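What follows is one structure encoded as structure tokens, with my remarks underneath.
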Amino acid sequence: MPIADLQQAAQKIAGFLTTLNKLGGFRLKFRITAGDGARDPQGLEGRVIYVELAGPDTPLVIQHNGELLRALEAIAAQILRLDQREHDLISFDAGNFKALRAQELRLQAETAADKVIRTGSPFAFPPMNSRERRLLHMSFRDIEGVETASSGEGMDRFLVVYPKGKTDLPVAAPVKPRGFGRR
């Protein structure tokens, strides 16, 4: 079910972020855009609410591959009671992190496609969240000679690039990178 009242949804998110700053001791400024102005100019996200974070704590929000940024996004989606399939209706960014990450993923897609076409062997990306897998799938849609599929379950789900028409080729699951602090 789409967001019925975008203004009310934006106010709920603003309240959440104000409380986070006050009680959590964060120093974040935010700008919330709803409706047509929130649309992703590249068309990679189906967002109707866009939250831009700035301020002294921006590096904290984007460190560790944007984990806190994604967590804030997920909490906001829960506050708005969005179904998991609707989480892309809301998007948070800080320091242009997501735009830069999307550009990085597009470059990785081009490199992987070249390798798959050259070698004829599938290429598996490491496990990543559903939004990044979606960005990769979309990056590949305009590249001739390859096709993609997601594989694995939950946190171990990853994207595989195959030569066109050869999705039956075997592919080994990528080695999961170690988390921080684990030995």
Practice item. From the list Ile62, Ile49, pick out the single residue that is open to solvent by 20 Å² or more (accessible area, probe 1.4 Å) and either in contact with a strand residue (DSSP E or B) (Cβ under 8 Å, 6 or more places away or on another chain) or at negative phi (or both). Key: Ile62
Check your understanding: Among the numbered criteria (1) assigned to a loop (DSSP other than H, G, I, E, B); (2) modelled with pLDDT under 85; (3) open to solvent by 40 Å² or more (accessible area, probe 1.4 Å), which single criterion is violated by Thr167?
Key -> (2)
Review point. List pairs: first in segment 113-140 and of a type in the set (Val, Ile, Thr), second open to solvent by 40 Å² or more (accessible area, probe 1.4 Å), Cβ under 7 Å, 6+ apart or cross-chain?
Key: Val116/Phe123
Review point. Name the residues in segment 152-164 that are open to solvent by less than 30 Å² (accessible area, probe 1.4 Å) and either charged (D, E, K, R) or within 13 Å of Gly120 (Cβ to Cβ) (or both), would you?
Key: Val161, Tyr162, Pro163
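Every residue, every condition in (1) of a type outside the set (Val, Ile, Thr); (2) under 19 Å from Gln103 (Cα atoms), yes or no:
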{"position": "Leu6", "(1), (2)": "yes, no"}
{"position": "Gly15", "(1), (2)": "yes, no"}
{"position": "Asn21", "(1), (2)": "yes, no"}
{"position": "Ile32", "(1), (2)": "no, no"}
{"position": "Glu45", "(1), (2)": "yes, yes"}
{"position": "Asn65", "(1), (2)": "yes, yes"}
{"position": "Leu68", "(1), (2)": "yes, no"}
Check your understanding: Do you know which of the residues in segment 74-91 that are under 17 Å from Gly15 (Cβ atoms) and either touching a residue at least 40 places away in the same chain (Cβ under 8 Å) or touching an Asp or Glu at 6+ places or on another chain (Cβ under 9 Å) (or both) is most open to solvent (accessible area, probe 1.4 Å)?
Key -> Ile75
Check your understanding: Would segment 141-151 turn up any residue that is open to solvent by 50 Å² or more (accessible area, probe 1.4 Å) and either within 17 Å of the chain's Cα centre (by Cα) or closer than 30 Å to Ala34 by Cα (or both)?
Key -> yes
Review point. Restricting attention to segment 127-135, does a residue exist that is open to solvent by 90 Å² or more (accessible area, probe 1.4 Å) and closer than 27 Å to Leu69 by Cα?
Key: yes
Review point. Across segment 159-173, what is the total count of residues that are in contact with a helix residue (DSSP H, G or I) (Cβ under 8 Å, 6 or more places away or on another chain) and either over 23 Å from Gln42 (Cβ atoms) or without any contact (Cβ under 8 Å) to a residue 12 or more places away in the chain (or both)?
Key: 3
**Study point:** Per-region count, segment 118-164, residues not charged (D, E, K, R) and not in a strand (DSSP E or B)
**Key:** 21
Study note, to complete from the structure: Among residues of segment 92-115 being small (Gly, Ala, Ser) and touching a Gly at 6+ places or on another chain (Cβ under 9 Å), the residue surrounded by the most Cβ atoms within 10 Å (Cβ to Cβ) is Ala94
Review point. With respect to Ala10, is the statement that it is open to solvent by less than 60 Å² (accessible area, probe 1.4 Å) and among the aliphatic types (A, V, I, L, M) true?
Key: yes
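The values are calculated or read from the model by the stated rules, or taken from the named source; none is laboratory data. Keep in mind the model is a prediction, meaning the values are calculated, not measured. Quick reminder, even Gly has a Cβ in these numbers, built from the backbone with ideal geometry, and neighbours come from all protein chains shown. The area values use the complete protein model at the heavy-atom level, side chains included, leaving out ligands, DNA and RNA. Shrake-Rupley method; radii C 1.70, N 1.55, O 1.52, S 1.80 Å.
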